[in-house]
1. Rounded to a whole number of µm²/s, how large is the Stokes-Einstein D of the chain at 10 °C and 1.306 mPa s, given Rh as the Kirkwood radius over C-alpha pairs?
2. Would you mind calculating the gained length between ASN113 and MET98 on full extension (0.36 nm times residue separation, minus the Cα-Cα distance), in nm to one decimal?
3. For the chain, report the accessible area per residue in Å² (1.4 Å probe, heavy atoms, rounded to an integer).
4. Under a 1.4 angstrom probe, counting protein chains only, how are ASP51, ASP81, ASP347 ranked by accessible area, largest first?
5. Could you check the simple spin-label distance between THR226 and ASN49, using points 7 Å along Cα→Cβ, in nm with one decimal?
6. Once you list every other residue whose beta carbon is under 13 Å from the beta carbon of HIS265, what net charge do they have if Lys and Arg are +1 and Asp and Glu are -1?
7. Under a plain spin-label model, where a point goes 7 Å from the Cα along Cα-to-Cβ, how far apart in nm are LEU323 and LYS308?
8. Counting only protein chains, not ligands or nucleic acids, how are GLU230, GLU329 ordered by accessible area (probe 1.4 Å), most first?
Amino acid sequence: MKAIQLIDSLHTGGAERMAVNIANALSEVGISSFLCATREEGVLKRALNQDVNYFYARRKGILGIPGILRLYRFVKQEGIDVIHAHSSSYAVGVILKMLRPSLKLVWHVHYGNTVNSPLYRQLLSRSISLICDAVIVVNQKLLEWARQHLGQKNIILIDNFAVPVGSQSLVPTLFGNPEKRIVQVANYRIEKNLEFAVELMASLHDKFPDWSLLLVGHPIDISYFTKLKELVKFWNLEKKVFFITDITDVSSVLNQADIAILTSHSEGLPLALLEYGLSGLPVIVTDVGDCARVVGSEGCVVAADDEKSFLLCLEELMLDPLLRKTRGEAFQKRVYHNFSKEKAIKDILEIYKLDD
């Protein structure tokens, strides 16, 4: 069997890291594994195993037909059997399927906000799903939405998984006090509600002047990224809030942090949250997507934009190093036990073999 992961770019992001994780994991179990970045390369290219075959389609413009044809020739030449299209790369997957009907097409839906798409997108999703051989979703709400709206018989929920990595790109000295760092891993876009995280630090400034916030991600929305920097300047937090962009090894930052947060308005099953667990960090998250299911009773879950509750949880952890340690260790055990790479790959392979 030969399977290729399709992803629009290899910039740091949850869907992008999952595409890389799956490609790597498949190569480790003896599958001929491929990955294609359809539109842009990025730092995650360096995270691919040597056994994963890589192709860059160089798709440009709205349709990007030359790039799709380059990919089609590659798929045909390599004798690929399965197209595993992540998020918006489904468009390329559908065209490949139409050009080569013998291909098996799997659409992997990562974005939790898909359930709130406007009607025209809902109808488009249904049309796409009927061309696919199977649809993978990453949380319970997406599963319920897919079963209700897509009309696809093969829909399965497969949890994301994170993988521990060595410090390939270790950040040698992070900003702020070495034992008083809060971290949030999220690309710079409005759904991640990062301005809320900045405002939390402004509220905590007087009581906890020696704590800092590290924001780690890729500036997908440049205007939003710029506004965040302006907000930091407005609150005079230049020495407390720091931006870290485009690193391959997120764990190199997480291993130097003390508390991890997610302030998002929308999530699927955030890979960042699983990476927090692997690093043994205590967590505070908003109750979106499957965050509450991932955290269980081993962390703090609050409503989105609930500043009072978020601050109470933060202050509790900031004041108690032992509580940070015990909660971090408990969450780490939960992630290792419930979100394993082995189970996810077993389920994915079963989908690839459907109707074989």
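The values are calculated or read from the model by the stated rules, or taken from the named source; none is laboratory data. Because the structure is predicted, anything quoted here is derived from the model rather than measured. So basically every Cβ, Gly included, is an ideal-geometry build from the backbone, and we count neighbours across all protein chains shown. Side chains are part of the model used for accessible areas, which takes the heavy atoms of the whole protein and leaves out ligands, DNA and RNA. Shrake-Rupley method; radii C 1.70, N 1.55, O 1.52, S 1.80 Å.
1. 76
2. In short, 2.6 nm is gained.
3. 44
4. On the way: ASP51 110, ASP81 70, ASP347 20 Å².
From most exposed to least exposed: ASP51, ASP81, ASP347.
5. Once both label points are built, they end up 4.3 nm from each other.
6. Surrounding charge for HIS265 is -4.
7. 1.8
8. On the way: GLU230 110, GLU329 80 Å².
I get GLU230, GLU329, largest accessible area first.
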